[in-house]
Each structure stands twice: as structure tokens, then as C-alpha cells.
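The values are calculated or read from the model by the stated rules, or taken from the named source; none is laboratory data. From a predicted model like this one, the values you see are computed outputs, not experimental measurements. Here Cβ is always computed from backbone atoms with ideal geometry, including for glycine, and neighbour counts include all displayed protein chains. In case anyone asks, the SASA skips ligands and DNA or RNA and just uses the protein heavy atoms, side chains included. Shrake-Rupley method; radii C 1.70, N 1.55, O 1.52, S 1.80 Å.
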Amino acid sequence: MDQFFQQLVNGLTLGSLYALIAVGYTVVYGIVQLINFAHGEVFMIGAFGALTTYLLFFNGQTSVWILPVMIVGAMIASVSTAVLMERIAYRPLRNAPRLAPLITAIGISVFLQEFVRLFYERPAWTVVVFAGLAIAAGYAVGSRQSGANLDNPVTKWYDRAPLLGGAAGAVALWIVVLLISTDVSAVYVVAAVVGGAVVGTLVGMAAGQAAKPHARVSINVRSVAVSAAVAAVAAELGWVLFKELINKVAWPSAKARIPFPQLDGVTGKALQVGGVTIQRSAIFTVAALVVCAVLLWFFINRTRLGRGMQAVSQDPDTARLMGINVDRIIVVAFALGAVLAAIAGVSQGLQNNNIDFRMGFLAGLKAFTAAVLGGIGNVYGAVVGGLVLGVVEAMATQYIPGQFGGSTWKDVWAFVILILVLVFRPQGLLGARVVDRA
């Protein structure tokens, strides 16, 4: 009997991990009818985000209070990846044949794996990210300063040209200054910021004049100057962070498994309850699922955004006519799934004591199986499906006799379950929430 309960605990732990990832699949599918096969890599990037946070700020420490900060770092990495994925890769294909976003998702999955494998130990790429963030920050502040509507679908890029030109001009001068000297002394910082603001303003005004025949709105000089100044300051702050913080860390190679931080309280000596051994990381994983499930229920059923998600999942066209910003709801769906995937990534690292760039592939497939098992499109079904899949895997490992048993066959049995569900109950255990759209 102790053996049965031990396998039940193992199965619930594994199932909780699958459930956290599976919710991301089912939330996105429920909103945009898309199977995001790159979601496993969002989970993987969450684990690397937590590790990065630890190496940057807490390297060598083991206090349990580090864990919440690591989770926040994981969330930032996962949500940023998921939102960029939706904006750059999926949104342009929203009305394309379904095969197009599916192939795109597989391509993104491979790209993210290879990016982490090749570049995690070489952080110079973050300078490019800081440059992009500086341009985005300059444009955002400048557009707010101008007060103009820059979202006209026909002329938006002409309308935005002065602000984007100002921010890009400031960042371009910042790059030139870096090529001359990488010093972060006060003289160079002031020169880069002041020079960037001036040059950016001139470039922005020139871009505005070039786009003026096609633009619908006019941007004043003050807004362009604000855009350039903010971009210059943001770019210089990014360089200081890179030089004084990021570049001083000895980053491990992601081409092999990387040890994950072991923290007091959530790792260490296992607990014994009778004849059952319970790992501390397992308690964290199950507790994380319970807390996330409760918060998710509250968010979906008790908040305005959650009700908007329900409306869009039923009929996006009618929801748009009722004043709901469908694009915003879709971004929220991707971000919500990414948050849960990030927590799952931290849980996986704590359980396995290591992470690697391939960890998201199989975990993503298992989570997809769990989502289908519970009913793709049904959030609660994803949780149930994950728990059922984890328990079935654990029990099959222990109780199936002969050459078809053991841990080497657990992945086989997981996908056998997927095939059986698709054949005999394609709507899943709880039934997918499908609405016929006129």
C-alpha cells in the first residue's frame, strides 16, 4: 500500500507540472483556436529566466526568500517571449489558413531552443535588446506627450515616423559613441544622452517632413525631442546595466545541463509520511497549482478582463462590436499562459536540480496531451487532464508488468492515452467548450 501511495504522490507532482503548462495551451486555443506548439519553449525560457535572476543578484545564496524574486524573473522572461511571439509571429497570420500558424509555431519552437543553446553563455545580444527597448520607450513616451491618435490603419506608420525617427536617431548616435569608446564615465554618458537627444530630434523632424505628404496627423517638435531624449537615456541605462551587471557574470553554457539553484525550504531532505517519501519541491509544485487554479478561477469569473476573455472565446466578432479590445484580450491570454508556464519552469528546475534547452519539447507535448485529455479549450479540463496524465504515468511505470513497464515506457503510455482519447472521446474528459459561429 505504501508503494501505491508513493506512486500517487509522484503522479500528482508530475501531473501538477503538466497542468500548469497545459493551461497555457488551452487558454490560447480557447481564444484564437491556435495550438501554440512553442508554448513548451516559453516554459523552458521561464526556467532560464529564473536561473538568470539568481546568477545576476543572488549567486551562491540559498535563502528561501530568493524564490519569489526568481519566480518574478521567470515570469518576466516567459511573458516577454509569449507577447513578442503573439505580436510578431501569430498576429499577422490570424486570418491565414490554420496550417500557417501551426508551422510557424514549430519554427518558433526550434528557433527558441537554438537561441538559448547558442547565446545563453554569450550575453552580448542583450545590447541589441536594450537598443530595441530604448526605441520602444522613446516612442511610447513621445506618443503620450503628443496626445495624437497614431493608430489609423492606413497612415499609422507615416504618423509615427517623427517619433520613431527621433528615438532611432538617438539610439544610432549611442551606437556610434559605443564604437568610439565603451567607457561608462560621466562624460561619455552625458555626451551620449545630450548628443542623442539633439541628433534624434533632427532625425525625427527630417523623418516627419519626409512622411508629411502621407501623414494624417502632425507631431510637434517638443514630442519628437522627448522621444529622442527618453530613447537616449534608456539606451545609456541599458549599456550601464550590461557593463556593470550582466557582463560581470560567468554565464554557463546551455549546451549541457545547467545546475539549478537549490534553496532552503523548497529543496533538501525529503519528508517522510509513514512509508511515503515526499520531496519538498513536490509540495511546492502541488501548492503552486492549487494557488494558481484558485487565482485563475477568480480572474476568469470575477474580473472584467476575465469576462472579456469568455466573450471573445465565444464570438470574437460580436465581442468586438460590443467594445471589447480583442487584440488586448489575446495578448492577455498569451501572457496568462506564460505566467503559469514560468512557475512550472521553476518547479521543474527545483525537482530535477538542473535545466537544459531541450526541456520544453517533451514537457510541451505532454502538456498538450493533458489539455486534449481534459478537453482542449476548457481551463479546468486542462488541470484535470494534467493530474490524470501524471497519475497514469506513475502507475503505469510501477504496475504494468514485463517489458512494457518501467520508467522507459512512461512516455509511450502518455501518448497511447492521447491516441485513445482522440479516437474514443475527442472532446476530452470534461468536454471542450465549442460554440458554433454564424
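Once the gyration tensor of the Cα atoms in the range 1-43 is diagonalised, the equivalent ellipsoid follows with semi-axes of 30, 10, 6 Å, ordered largest first.
Relative to the longest principal axis of the Cα atoms of the chain, the long axis of helix 326-352 makes an angle of roughly 60 degrees. Summary of the geometry: the range 315-333 and the range 339-374, compared by the centres of their Cα atoms, lie 29 Å apart.
You can think of it this way: the chain between Arg358 and Ala256 has 35.7 nm of extra reach, that is 0.36 nm per residue less the Cα-Cα gap. With both labels modelled 7 Å from their Cα along Cα-to-Cβ, the Arg117 to Leu202 distance reads 4.7 nm. Legend: residues Trp413, Trp157, Trp174, sorted from most to least accessible area (1.4 Å probe; ligands, DNA and RNA excluded), read Trp157, Trp413, Trp174. Summarising the amide proton neighbourhood of Gly375: residues at separation of 5 or more, or on other chains, whose placed amide H is nearer than 5 Å comprise Leu429, Leu430. Determine the relative contact order of the chain: mean sequence separation of Cα pairs under 8 Å and six or more apart, normalised by residue count, in whole percent. Reported as a whole number, the value is 31 percent. Under a 5 Å amide H cut-off, with hydrogens placed 1.01 Å from N, Ile355 pairs with Ile258, Phe260 among residues at least 5 apart or on other chains.
Scalar couplings 3J(HN,Hα) for the range 366-371, obtained by applying the Karplus form with A = 6.51, B = -1.76, C = 1.60 to θ = phi - 60°, are 5, 5, 4, 4, 5, 5 Hz; x denotes Gly and Pro.
Only DSSP H runs of four or more residues enter the estimate; each adds -39500 (n - 2.57), and after division by the residues of the chain the mean residue ellipticity at 222 nm equals -24000 deg cm²/dmol. Under 5 Å between amide hydrogens, built in the peptide plane, is the criterion, and for Ile400 it picks out Gly406 among residues at least 5 positions away or on other chains. Solvent-accessible area of the range 322-438 (1.4 angstrom probe, protein heavy atoms only): carbon and sulfur portion equals 66 percent.
Thr408 sits with roughly 120 Å² accessible to a 1.4 Å probe, with DNA, RNA and ligands left out of the calculation.
Across the range 309-320, rounded Karplus estimates of 3J(HN,Hα) from the backbone phi angles (6.51 cos²θ - 1.76 cosθ + 1.60, θ = phi - 60°) give 5, 5, 5, 5, 5, 7, 7, x, 5, 5, 4, 5 Hz, Gly and Pro being marked x.
Starting from the 7 Å offset along Cα-to-Cβ, what nm value, one decimal, do you get for the label separation of Val154 and Val249? About 4.9 nm, to one decimal. Applying the Karplus relation 6.51 cos²θ - 1.76 cosθ + 1.60 with θ = phi - 60° to the range 97-107 yields 3J(HN,Hα) values of x, 4, 5, 4, x, 5, 5, 4, 4, 5, x Hz, where x marks Gly and Pro. Cα centroid distance between the range 52-74 and the range 127-170, in Å? For the range 52-74 versus the range 127-170, the Cα centre distance is 34 Å.
Note on Thr62 and Phe415: the model spin-label points, each 7 Å out from Cα along the C-beta direction, lie 4.0 nm apart. In this structure the chain gives 48 Å² per residue of accessible area when probed at 1.4 Å with all protein chains present. Taking every protein chain into account, the 1.4 Å probe leaves Ile278 with about 40 Å² of accessible area, to the nearest ten.
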